[in-house]
Ligand SMILES: [Zn+2]
């Protein structure tokens, strides 16, 4: 009992201290009937989506004048998810006269998709966890050196983003964007229920 209380209190404290990693948005659609929704789901294999952007933060930037050489700039870069730009999009669908079993199927479909998208979030977070780069440049003026640091930082950020994107694509390939989510753990990714949608 005490342990549980302690864990709950700790979890609440951690959640309060950590900014929300992603926000959930909904793809709201009203279909003619369940079959129309199933047809849409089959025709749009990317129903369910995780969008995000990384950002780079410079730490300890220094630009020093080196006589007869120019200006030496150096900085350490730390990465994070750009606030407000980490979004999961999930279906929120309906049709008239939805039966209890159709409602359940739709709920399971959305839950499985959410689980799949959280796998994408985990890859993004793992991609930047503890990652830093150090850059050093040499320019002719203070302003030029500052611009060179910025552009070297942008390059580092772009290459990190491409690397993580490759992993995101691998995850989608091996899990069939969730339809084969059970395969995830064999490749070091999140597992869970397979994403499926049908009408009964
Ligand atoms: Zn996916």
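Every number here is computed from the coordinates shown, using simple stated rules; none is lab data. Because the structure is a prediction, the values reported are computed rather than measured. When we count neighbours, we look across all protein chains shown, and the Cβ atoms used for this are built from the backbone with ideal geometry, even at glycine.
A few notes on this one:
- Beta bridges by DSSP in the chain, antiparallel share as percent, to the nearest 5: 75
- Mean sequence separation of contacting Cα pairs (under 8 Å, at least six apart), scaled by the length of the chain, corresponds to a relative contact order of 25 percent.
- Here the Kirkwood formula puts the hydrodynamic radius of the range 2-187 at 20.0 Å, using every distinct Cα pair.
- Dimensions of the range 139-200 based on its C-alpha atoms, expressed as ranges along the principal axes with the largest first, amount to 69, 26, 14 Å.
- Over 18 Å [Cα-Cα, the range 24-80], rounded percent: 65
- Calculated over the range 92-200: convex hull of Cα atoms, volume per residue (Å³): 121
- Helix 34-43 axis versus longest C-alpha principal axis of the chain: approximately 30°, rounded to the nearest ten.
- As a rough guide to protection, the peptides 190-198, 112-120, 82-90 ranked by mean Cβ packing within 10 Å, highest first, stand as 112-120, 190-198, 82-90.
- Once the C-beta distance of residue 24 and residue 57 is scaled by a Förster radius of 25 Å, the resulting FRET efficiency is 0.45 to the nearest 0.05.
- Whole-number D in µm² s⁻¹ for the range 64-140, Kirkwood Cα-pair radius fed into Stokes-Einstein, 25 °C, 0.890 mPa s: 143
- Sites residue 69 and residue 136 - FRET efficiency at Förster radius 22 Å, r taken between beta-carbons, to 0.05: 0.95
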